[in-house]
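Q: What follows is a single structure, and I will ask about it in a moment.
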Amino acid sequence: MKKTHTLALYSDPDEAANALKDLKSSGISGFRMDDVIIKSPIDHPELSELLGPRPVYIQWFTLLGVLLGPTTGLVLIASAQASFIYQVRGGRPVVPFPPDMVLTYELFILSGVLMTVLSTFVAMKLPGNRSPLYNASVSEDKIGILVKTDPASLPQINEILGRHKPLEIMGDNAR
Amino acid sequence: MSHTVPSHPQMDVQIERKFVPKQKDLGEDVNWAQINKDVLRSLEKPRPAFWIIFFSALALFSFGVYCEVYQYQTGMGVSDLNNPQVWGLYIATFIFWIGMGHSGTLLSALLHIIHADWRKPIYRYSEAMTTFTLMTAALFVLVHMGRLWQFYYVVAYPNERWVWPNFTSPLVWDATAIGTYLTSSLLFLYMGMIPDLAICRDNAKGARRALYKFLSLGWQGTDRQWGNFKVAYMTMACFLMPLAVSVHSIVSTDFAVSQNPGWHVTSFPPYFVLGALYSGCSGIITLFIVLRYVFRFEAYMTQPILNKLIKMTFAIAMVWTYLDLIEYATTWYGSDEVARQDLVYRATGDYALQFWGMIFCAMVMPFTLLIRFVRQNYVVLLIISLILNVGMWLERFQIITPTFAKSHYPWTWTAGWWPSWVQWGIVAGSFGWFTMLFMLYCKIFPSVSMYEVKEMVHEQNMHDKLHGAQAPAHQTALGAIPEMNGGKI
């Protein structure tokens with residue numbers, strides 16, 4: 001069945017929290033807290049907590065970056081040094097590992113940062129389109145609760161959202 | 001409220017308990033909508049001083065370009081760079097700009113990790129400062145090269161010349177470290193700006209809107225985006241801390257791994273890192289005062305925040321002073337006679353004025369920051385922050401020039417060498433270039449982080465809500481701990 005969306009705007013974080021609590025305990029058939037999204041001008045961990053666990057996996061990609069970057073970097077540096085064996089080394093090693101550690105360290109940082117940024121964009125689904133239902137006031141001072149639901153459950157959801165003094169409730173047709 | 005504390009059987013001490021609320025970093029009347037309005041206004045209508053600064057910087061930059069073109073067409077001889085004075089002002093100023101760039105990102109990352117909220121209104125422009133100073137520093141590598149048209153000779157790629165970089169050279173480390181730092185700083189700046197770019201997108205019109213829409217990548221401020229954003233931002237801050245330390249340590253190895261007198265010093269890496277932090281902090285103070293006035297940021301760049309910045313600058317200045325003195329002591333009491341002669345030459349020779357100028361500007365002047373009048377008078381503070389940076393520039397000059405002027409071999413001595421007007425012109429142009437870029441940035445992008453200032457206000461309000469605005473700060477089993485009352489209990 002095609003889902004529909006509704007967005008309620010709140011000016012008070014406490015009211016938004018109460019709305020979320022009511023939604024959580026509503027027991028509406030077919031409704032899951034996974035279908036609720038909070039849109040806000042700042043991070044509200046106290047509200048996000050009510051949505052249940054939403055794990056972040058960025059750190060694993062960072063780990064991958066910090067493992068792959070220096071390994072690849074050291075291999076490239078060492079192979080470049082090894083391929084330039086005509087250079088007179090005066091008895092010093094062709095591949096001197098201690099000084100190579102400096103560049104390896106820089107590549108460790110660089111690949112860690114790059115992987116972090118790339119994975120963040122993937123996790124945040126950026127670049128992306130602003131949809132469904134966006135109101136510019138959520139980047140100013142309002143908190144939006146966006147719910148994706150079956151059309152049949154929409155009146156109940158709107159009733160719960162409406163209990164907690166929302167400034168406005170918008171539906172799909174408000175896009 | 002008063003309370004009797006039995007401290008001695010025969011004597012009761014009366015302690016007057018007076019609650020003195022902690023001075024808040026931001027005023028009480030700052031609301032979220034107002035934050036957006038104020039910061040967005042800075043993108044539209046700055047004070048006329050903005051244009052004065054911008055066009056002055058443009059004029060300076062144009063003169064620098066003229067000098068560079070003249071040097072390019074005539075040859076490096078016009079710069080008076082020669083053997084052994086091969087670096088001159090170009091490398092001294094290169095190091096100065098690299099150093100200036102350190103505080104922005106490093107302090108932003110450090111203060112973010114330790115949750116020092118007062119960084120929030122000032123970190124954005126500090127990070128921008130880092131980015132533009134690094135870009136300015138990179139120009140000096142090209143300028144110093146002279147033969148710009150052969151720049152590609154130094155780029156490492158497989159070719160018929162068999163040119164491979166020497167991976168054990170500090171210059172290659174330098175280029176890699178600075179490249180890494182510039183890339184990471186730019187990404188850190190951009191990442192932190194995405195939520196604010198979305199605010200700009202939601203409020204702008206026309207071409208600006210298109211620009212912000214493109215750069216904000218469709219940010220909506222969802223809980224999932226915030227959750228990932230926070231983790232990513234903290235992770236990047238953790239990377240940037242050691243990176244920033246490594247970059248200036250590596251810059252110091254350009255000197256320290258050589259055998260030249262005055263450079264072959266073990267304490268050079270921390271000395272350079274602290275020097276970089278010091279000049280960067282002074283630069284942040286300068287820009288704080290300029291932006292506060294030009295963009296009317298009085299509500300966000302407040303005196304309590306400035307006080308914290310000044311205290312930090314003073315502390316860093318003292319550590320740098322210690323490291324500078326310890327460097328002299330190591331040289332003086334060491335067994336290297338040439339290095340000792342070099343130290344004497346610096347203090348009493350042809351460049352004594354620059355040496356003592358550095359001592360005065362960078363070691364003595366920080367003590368003026370202890371005076372309340374100086375901390376609270378923005379004009380005086382602006383002048384002092386500029387003097388501190390003049391001191392730090394002189395420090396770079398006197399690291400390089402005296403050592404080249406009087407090194408190991410007497411037949412290479414060039415006592416009294418002085419850079420030509422072309423070098424001075426290019427150095428002046430670099431200041432114009434930096435200022436121009438920085439002011440343009442502040443005109444196009446929000447130089448105060450709107451969402452983080454909102455967080456600051458939110459946390460301040462939450463604190464007041466939980467504890468009550470007038471409640472005593474600490475409670476113990478004995479009751480309230482007496483607060484400091486203007487320094488007197």
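Q: Out of the stretch B:240-259, which residues are free of Cβ contacts under 8 Å to residues at least 60 places away in the same chain and at the interface with chain A (Cβ under 10 Å from one of its Cβ atoms)? First the steps, then the outcome.
A: We begin by selecting, within the stretch B:240-259, every residue free of Cβ contacts under 8 Å to residues at least 60 places away in the same chain; these are B:242, B:249, B:252, B:256, B:258.
Answer for the stretch B:240-259, where residues must be free of Cβ contacts under 8 Å to residues at least 60 places away in the same chain and at the interface with chain A (Cβ under 10 Å from one of its Cβ atoms): B:PRO242, B:SER249.
Every residue, every condition in (1) touching a helix residue (DSSP H, G or I) at 6+ places or on another chain (Cβ under 6 Å); (2) among the small types (Gly, Ala, Ser), yes or no:
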position: B:LEU81; (1), (2): yes, no
position: B:GLN85; (1), (2): yes, no
position: B:THR93; (1), (2): yes, no
position: B:HIS102; (1), (2): yes, no
position: B:SER108; (1), (2): yes, yes
position: B:LEU139; (1), (2): no, no
position: B:ARG147; (1), (2): no, no
position: B:GLN150; (1), (2): no, no
position: B:PHE167; (1), (2): yes, no
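Q: Here's a follow-up. Could you tell me whether the stretch B:430-451 includes any residue that is assigned to a loop (DSSP other than H, G, I, E, B), touching a residue at least 60 places away in the same chain (Cβ under 8 Å) and of a type in the set (Lys, Arg)? Spell out how you get there, then give the answer.
A: We begin by selecting, within the stretch B:430-451, every residue assigned to a loop (DSSP other than H, G, I, E, B); these are B:445-449.
Narrowing the set further to residues that are touching a residue at least 60 places away in the same chain (Cβ under 8 Å) leaves B:445-449.
Next, from what is left, pick out any that are of a type in the set (Lys, Arg): none.
No: the stretch B:430-451 contains no residue that is assigned to a loop (DSSP other than H, G, I, E, B), touching a residue at least 60 places away in the same chain (Cβ under 8 Å) and of a type in the set (Lys, Arg).
Q: While we're looking at this one, here's another question. Quick test for you: out of B:ALA109, B:ALA204, B:ALA128, pick the one residue that is of a type in the set (Gly, Ala, Ser), buried (at least 17 other Cβ atoms within 10 Å of the Cβ) and closer than 30 Å to A:LEU133 by Cα. Spell out the reasoning first.
A: Numbers: B:ALA109 fails: closer than 30 Å to A:LEU133 by Cα; B:ALA128 fails: closer than 30 Å to A:LEU133 by Cα.
The match here is B:ALA204.
Per-residue answers, yes or no, for (1) touching a Cys at 6+ places or on another chain (Cβ under 9 Å); (2) under 18 Å from B:CYS442 (Cβ atoms); (3) of a type in the set (Asp, Glu); (4) outside any helix (DSSP H, G or I):
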residue: B:LYS37; (1), (2), (3), (4): no, yes, no, no
residue: B:LEU40; (1), (2), (3), (4): yes, yes, no, no
residue: B:LEU43; (1), (2), (3), (4): yes, yes, no, no
residue: B:PHE50; (1), (2), (3), (4): yes, yes, no, no
residue: B:ALA59; (1), (2), (3), (4): no, no, no, no
residue: B:CYS67; (1), (2), (3), (4): no, no, no, no
residue: B:TYR72; (1), (2), (3), (4): no, no, no, no
residue: B:GLY77; (1), (2), (3), (4): no, no, no, no
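Q: Mind checking whether some residue in the stretch A:123-134 is without any contact (Cβ under 8 Å) to a residue 24 or more places away in the chain and buried (at least 19 other Cβ atoms within 10 Å of the Cβ)?
A: Scanning the stretch A:123-134, I find at least one residue that is without any contact (Cβ under 8 Å) to a residue 24 or more places away in the chain and buried (at least 19 other Cβ atoms within 10 Å of the Cβ), so the answer is yes.
Q: Of all the residues that make up the stretch A:57-77, how many are under 16 Å from B:TRP173 (Cβ atoms), among the aliphatic types (A, V, I, L, M) and more than 9 Å from chain B (Cβ to nearest Cβ)?
A: 2
Q: Considering every residue within the stretch B:214-227, establish whether at least one is facing chain A (nearest Cβ under 8 Å), of a type in the set (Val, Ile, Thr) and either within 23 Å of B:SER103 (Cα to Cα) or not in a helix (DSSP H, G or I) (or both). Give the derivation first.
A: First, pick out the residues of the stretch B:214-227 that are facing chain A (nearest Cβ under 8 Å): B:217-227.
In the following step, the residues that additionally are of a type in the set (Val, Ile, Thr) were identified as B:222.
Retained after the next criterion (residues that are either within 23 Å of B:SER103 (Cα to Cα) or not in a helix (DSSP H, G or I) (or both)): B:222.
Yes; the residues of the stretch B:214-227 include at least one that is facing chain A (nearest Cβ under 8 Å), of a type in the set (Val, Ile, Thr) and either within 23 Å of B:SER103 (Cα to Cα) or not in a helix (DSSP H, G or I) (or both).
Q: Sticking with this structure for a sec: Which one is surrounded by the most Cβ atoms within 10 Å (Cβ to Cβ) among residues in the stretch B:177-197 that are more than 16 Å from B:ALA232 (Cβ to Cβ) and within 7 Å of chain A (Cβ to nearest Cβ)?
A: Taking the candidates together, the pick is B:ALA177.
Q: Within the stretch B:56-70, identify whether any single residue is charged (D, E, K, R) and free of Cβ contacts under 8 Å to residues at least 12 places away in the same chain, and answer yes or no.
A: Quick first cut of the stretch B:56-70, residues charged (D, E, K, R) only: B:68.
Then drop every residue that is not free of Cβ contacts under 8 Å to residues at least 12 places away in the same chain, which leaves none.
The answer is no; no qualifying residue exists.
Q: Can you tell which of A:SER83, A:SER111 is surrounded by fewer than 18 Cβ atoms within 10 Å (Cβ to Cβ), of a type in the set (S, T, N, Q) and not assigned by TED's automatic domain parsing to the domain that holds A:ILE37? Outline the logic, then answer.
A: Details: A:SER111 fails: surrounded by fewer than 18 Cβ atoms within 10 Å (Cβ to Cβ).
The conditions single out A:SER83.
Each row is one residue, and each column tells you yes or no for (1) assigned to a helix (DSSP H, G or I); (2) facing another protein chain (nearest Cβ under 8 Å); (3) surrounded by fewer than 20 Cβ atoms within 10 Å (Cβ to Cβ).
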| site | (1), (2), (3) |
| --- | --- |
| A:GLU46 | yes, no, yes |
| A:PRO55 | no, no, yes |
| A:MET101 | yes, no, yes |
| A:SER119 | yes, yes, no |
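Residue by residue, here is whether (1) of a type in the set (A, V, I, L, M); (2) facing chain B (nearest Cβ under 10 Å) holds:
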position: A:GLU106; (1), (2): no, yes
position: A:LEU126; (1), (2): yes, yes
position: A:TYR134; (1), (2): no, yes
position: A:SER137; (1), (2): no, yes
position: A:THR149; (1), (2): no, no
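Q: Next question, about the same structure. Checking B:GLN150 against (1) surrounded by fewer than 23 Cβ atoms within 10 Å (Cβ to Cβ); (2) touching a residue at least 12 places away in the same chain (Cβ under 8 Å); (3) assigned to a helix (DSSP H, G or I), only one condition comes out false. Which one?
A: Of the numbered conditions (1) surrounded by fewer than 23 Cβ atoms within 10 Å (Cβ to Cβ); (2) touching a residue at least 12 places away in the same chain (Cβ under 8 Å); (3) assigned to a helix (DSSP H, G or I), the odd one out for B:GLN150 is (2).
The values are calculated or read from the model by the stated rules, or taken from the named source; none is laboratory data. Small disclaimer: the values here were computed from a predicted structure and weren't measured. Please note: Cβ atoms are built from the backbone with ideal geometry, for glycine as well, and neighbour counts cover all protein chains shown.
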